[in-house]
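Report on the structure given below.
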Amino acid sequence: MADVFISYARSTSEPAKLIAAALRSDGYSVWIDDDLPAHRDYSKVIEEHLRAAKAVVVLWSSDAVKSRWVPAEADIAHEAGTLVQLSLDDAVPPLPFNRMQCSAMQGWTGDVNAPNWQKVVAGVAELVGRTSPPMTGVAPAAKQAEPLLAVLAFDNLSGDPELAYFSDGVSEEIQQTVAQGSHLKIVARSSSFQFRGADKAVSKVAAELNVTHLLDGSVRRSGGRVRISAQLVRCAGQVTLWANRFDGDLSDVFALQEQIAEAVAQALKVTLAAPTQVQPLDPAIYELFLKARGIIGEGGRVFDDTATIALPLLEQVVAAAPDQAAAWELLAKSRALILRSGRRKTPYEEGRAGVVDASERALRLDPKRGGAYEALALLEPWGAYGARERLLRQALSVSTNEPDVLTEMSLFCWSVGRFREALRFAQHACELNPLMPAARLQVAQMLTYVGDYEASVRMHKELYQRWPHNFSILISLLNFAASLGFWDDYRQVLGEIEHFEGWQATYLRETVKYVDALASTDPAPRLELLGRYASLVAKSGTVPLNYLDGLSMLGLTEEALDLAATASFAHVFDPDGPLPSGSFPGTILGPWSALNKTPRFIDLCDRLGLCAYWAQSERWPDCIEWTPYDFKALVRRRVTGATPA
C-alpha cells in the first residue's frame with residue numbers, strides 16, 4: 001500500500017496529478033484513483049488504500065465540498081489522524097474540517113519551494129514518519145511495489161542496416177510517450193537498448209535490469225510506409241499480455257506510436273494522459289530528430305561530444321517544426337551541456353540566451369518537459385544553491401522518473417551535504433538506468449557519505465570487476481579504500497593502474513602518491529604535498545576542496561584551513577566559471593573529514609555560500625549529526641552577524 005492517498009473531486013484531476021507527481025519526486029509512494037484496477041469493486045479498493053495510507057491529502061474545491069466522496073474520505077482520515085488538507089480555490093472546507101489547518105494552494109503550478117506547499121510536505125513527512133533511506137544499493141526485485149518497464153530497441157526489419165536509427169527512434173518515441181503520459185517507471189534507453197538480437201531473451205533482460213515487464217517489437221519500413229509490431233511481456237512466467245501490429249504512412253507514425261503506448265498503459269492498468277497536440281512532422285524532419293536523439297542517447301551523461309554533433313540537427317528540426325516541444329527540450333539540454341563544458345564557440349551571454357529561449361519554448365508548448373527545467377538549472381552558478389534546487393525540483397515534479405534529472409538532484413544534494421537524500425535519488429536513478437556505470441558509481445559513492453563504508457567498498461569492487469576499464473570506478477575505489485582503511489582492497493587493485501595511459505595514468509599516479517603519504521609515518525611526504533597545494537593557490541588563486549580534505553586526512557587540518565583562507569572561491573558564484581569537479585562542497589562535509597570537526601570550518605562554508613543557503617532554506621546538511629559543536633547555531637550566527645553572548 002502507498003504512503004499517501006490523494007482525495008479530490010474529478011474536476012480537479014489535473015492539479016491532483018501534479019500534486020501526486022510532486023510527492024513522488026520527494027520519494028513518497030502515492031495512490032490516486034487513476035490507479036484503480038479494472039477487475040475490482042472501486043469503492044472497496046479506495047477504502048483499502050484510504051485506511052492503509054499514513055497520510056491522506058484532501059484537495060478541497062467548490063466541487064469537492066459538494067462531493068459525496070471527498071468529505072467522507074476526509075472524515076475517515078480525520079478519525080485516523082492521517083489528514084492533511086489544502087484548498088485549490090476559494091472554497092471553505094465544511095465542518096469540522098474548517099477548524100483545522102488548510103494550506104491555500106490557489107493557482108499552484110508545481111513550485112515545490114512555495115511556502116504553502118512546504119507546509120503540505122511537512123505535514124506528510126510528519127505523518128509518514130520517513131527516516132533515512134536504507135544504506136544499500138538498488139532495491140531487490142522482491143520488494144518492488146509497482147511495475148518497472150523496459151522498452152527494448154525494436155528490431156530493424158527494413159533490410160537496410162542504415163535504418164537502424166529509425167527503428168531505435170521509434171521504440172524510444174514509444175518509451176517517451178509512455179513516460180510523459182504516466183507515472184510508470186521505465187528503464188532508460190542507455191540500459192535497455194544494450195540488449196539486441198539473441199540477448200533479448202526475457203530471462204536475461206529481467207535478471208540484468210530487474211524489471212517486471214518488457215516491451216519489444218520490430219519496425220519494417222518501405223518507402224513511405226511503416227509497419228510496427230509490438231508485444232508486452234510480463235517477465236514472471238514470460239506471459240505475453242498484449243501483442244499487435246500497426247500499419248500506416250510515415251506521416252502517421254506519431255499516431256501509431258501513441259496507439260502502442262496507450263495499449264501498453266492499458267495492459268499495465270495505468271492511465272495515460274492525452275499527449276500534447278502537435279502538427280504532424282514531415283518524414284524527413286522526423287528522421288533528423290530521431291538521428292539527433294539517437295546520437296545523444298548513445299553518449300554519456302557528462303559533457304562529451306554527442307551534444308555538439310546533435311546540435312545542428314536539432315536546430316534544423318526546430319526551424320522546420322517550431323511546435324515540437326521534445327525537439328526544443330533536447331536542444332535546450334544540448335546547448336546547456338555545451339555551455340557548461342567550456343567547448344562553446346559563442347560568447348557566454350549568447351549561449352545562455354540560446355538555452356533560455358529553447359527551454360521557454362519547450363515549456364510553453366508542453367509544461368511537462370522536465371529536461372527544460374534541467375537545462376535552466378545547468379545555467380545557474382554552482383553556488384546558486386536555492387535557484388538550482390528550485391529548478392531541479394520543478395523538473396522532478398513533471399519528470400519523476402527521468403534518470404538525468406534524478407542524477408542532477410542527487411549531485412545537488414551531495415553538494416549541499418544532504419547525503420541521505422543524495423543516496424535516495426541516486427538509487428532511484430540507478431534503478432532506472434542499472435547498466436550505466438556512472439549511475440551505479442554514484443550509489444557506491446553516496447554509501448560512503450552516509451557512513452556505510454563496507455557496503456561502499458564492496459560495491460566499488462563489484463563495479464570494477466564488471467567494468468575493468470572504467471577509470472572513474474578505479475580511482476574512486478583506490479581513494480575510498482585507502483582513505484577509509486580498507487588496505488587489502490586497495491592493494492588488490494593497485495596493479496590495475498598499469499592498464500591506463502595519458503591523463504588517466506597521471507591522475508592515478510597522483511592518487512598513489514597521496515596514499516603513500518597517508519600510509520607513511522614520515523612527515524616529509526605530507527609536507528611536500530602541502531607545499532605543492534600552497535604553490536597551486538599562489539599560482540591559480542584557488543584550491544579544489546578535495547585537496548583540503550586530503551590534507552585533513554593527513555593530519556594537517558589547521559594547515560588546510562589556513563590554505564583555504566588564502567584562496568578565492570569566486571568561481572563558485574560565476575555562471576561562466578569552471579565546473580567544480582573535486583570542489584563539490586559535499587567533499588568536505590563527509591563523516592570521515594576532520595575539517596568539519598572544528599568550528600573554523602564554518603568560515604569556509606560561509607565563503608562557499610552554504611551558510612546562507614542552509615539558514616534560509618532550513619534544509620540542513622547531515623554533518624550536524626557528527627560535528628562536535630552546535631553547527632546550526634554557528635551557521636545562523638554567521639548569517640545574522642550576531643556575536644556570541
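Expressed as a whole percent, the accessible surface of the chain that belongs to carbon and sulfur atoms is 52, based on a 1.4 Å probe.
Could you calculate the FRET efficiency of Glu501 with Arg458 from 1/(1 + (r/R0)^6), where r is the beta carbon distance between them and R0 is 30 Å, rounded to 0.05? All intermediate terms of the calculation are to be shown ahead of the outcome.
Working: r = 28 Å, r/R0 = 0.95.
For Glu501 and Arg458, the calculated efficiency is 0.60.
The residue list Leu378, Ala482, Leu391 was ranked by how far each Cα lies along the charge dipole of segment 374-493 toward its positive end, using unit charges on Cβ atoms, and Ala482 comes out on top. Phi angles across segment 562-568 convert, under the Karplus curve 6.51 cos²θ - 1.76 cosθ + 1.60 with θ = phi - 60°, into 3J(HN,Hα) values of 4, 5, 4, 5, 8, 9, 9 Hz, Gly and Pro given as x. Listed by chain and number, the lysines placed with their C-alpha closer than 18 angstrom to that of Lys17 are Lys185, Lys269, Lys368; residues fewer than eight positions away on the same chain are left out. For segment 440-516, what does the alpha-carbon gyration tensor say about shape, rounded, prolate or oblate, given a ≥ b ≥ c as the root eigenvalues, a/c under 1.5 as rounded, and a/b over b/c as prolate? Cα axes put segment 440-516 in the prolate bin. In a shell of Cβ-Cβ distance under 15 Å around Arg491, excluding Arg491 itself, what net charge do Lys and Arg (+1) and Asp and Glu (-1) give? Its environment carries a net charge of -4.
With the highest mean first, a sort of the peptides 323-329, 222-228, 551-557, 453-459 on other beta-carbon atoms found within 10 angstrom per residue produces 323-329, 551-557, 453-459, 222-228.
Between Ser472 and Lys44, how high is the FRET efficiency from 1/(1 + (r/R0)^6) when r is the Cβ-Cβ distance and R₀ = 45 Å? Nearest 0.05. Write out the running numbers ahead of the final one.
On the way: r = 51 Å, r/R0 = 1.13.
After rounding, the FRET efficiency stands at 0.30.
Per-residue ellipticity at 222 nm from helix content only, as computed over the chain with -39500 (n - 2.57) for each DSSP H run of at least four residues, stands at -16500 deg cm²/dmol. The 1.4 Å probe gives accessible areas that order Phe97, Phe480, largest first, as Phe480, Phe97.
Here the Karplus curve 6.51 cos²θ - 1.76 cosθ + 1.60, taken at θ = phi - 60°, turns the phi angles of segment 412-421 into couplings of 5, 4, 4, 5, 9, x, 9, 6, 5, 5 Hz, with x standing for Gly and Pro.
Under 13 Å from a point 7 Å along the Cα-to-Cβ line of Ser540: which residues of segment 583-619 have their amide N that close? Under cut-off, by backbone N: 583-584.
Scalar couplings 3J(HN,Hα) for segment 73-78, obtained by applying the Karplus form with A = 6.51, B = -1.76, C = 1.60 to θ = phi - 60°, are 5, 4, 5, 4, 5, 4 Hz; x denotes Gly and Pro.
Roll a 1.4 Å probe over the protein chains and send me the accessible area per residue for the chain in Å².
That works out to 43 Å² for each residue.
Local charge for Ser171 was computed over the other residues whose Cβ lies under 9 Å away, with Lys and Arg +1 and Asp and Glu -1, and equals -3. Which far-off residues, 5 or more places away or on another chain, put their amide H under 5 Å from the one on Val58, with H placed in the peptide plane? Sorted by chain and number, the residues that satisfy this are Ser7, Val84, Gln85, Leu86. Straight Cα distances below 18 angstrom link Lys632 to the aspartates and glutamates Asp603, Asp606, Glu618, Asp622, with same-chain residues fewer than 8 positions distant left out.
Which whole-angstrom value gives the distance between the alpha carbon centres of segment 161-202 and segment 212-240? Computed from Cα coordinates, the inter-centre distance equals 10 Å.
Around the Cα centre of segment 202-267, unit charges on the Cβ atoms of Lys, Arg, Asp and Glu (plus for the first two, minus for the last two) sum to a dipole of about 260 debye.
Classify segment 309-411: rounded, prolate or oblate, from the alpha-carbon gyration tensor (a ≥ b ≥ c, eigenvalue square roots; a/c under 1.5 rounded; otherwise prolate if a/b is larger than b/c)? Oblate, since a/c reaches 1.5 and b/c is not below a/b.
Accessible surface ranking for Asp26, Asp576, 1.4 angstrom probe, highest first: Asp576, Asp26. Hey, how many Å between the Cα centroid of segment 65-85 and the Cα centroid of segment 86-109? What the calculation gives is 13 Å, centre to centre. Estimated at the nearest 10 Å², the accessible area of His428 is 40 Å² with a 1.4 Å probe. When Lys and Arg each count +1 and Asp and Glu each count -1, what net charge do the other residues less than 11 Å away from Val233, Cβ to Cβ, add up to? Neighbour charge sum, excluding Val233 itself: +1. Around the Cα centre of the chain, unit charges on the Cβ atoms of Lys, Arg, Asp and Glu (plus for the first two, minus for the last two) sum to a dipole of about 540 debye. Between Gly417 and Gly586, the built amide H atoms are under 5 Å apart, and every one of these is 5 or more places off in sequence or on another chain.
The accessible-area ordering, largest first, of the residues Leu290, Leu330, Leu494 stands as Leu494, Leu330, Leu290, per a 1.4 angstrom probe.
The values are calculated or read from the model by the stated rules, or taken from the named source; none is laboratory data. Note that the structure is a prediction, hence the values are computed from the model and not measured. Here Cβ is always computed from backbone atoms with ideal geometry, including for glycine, and neighbour counts include all displayed protein chains. When the accessible area is computed, the model is the full protein with side chains, heavy atoms only, and any ligands, DNA or RNA have been set aside. Shrake-Rupley method; radii C 1.70, N 1.55, O 1.52, S 1.80 Å.
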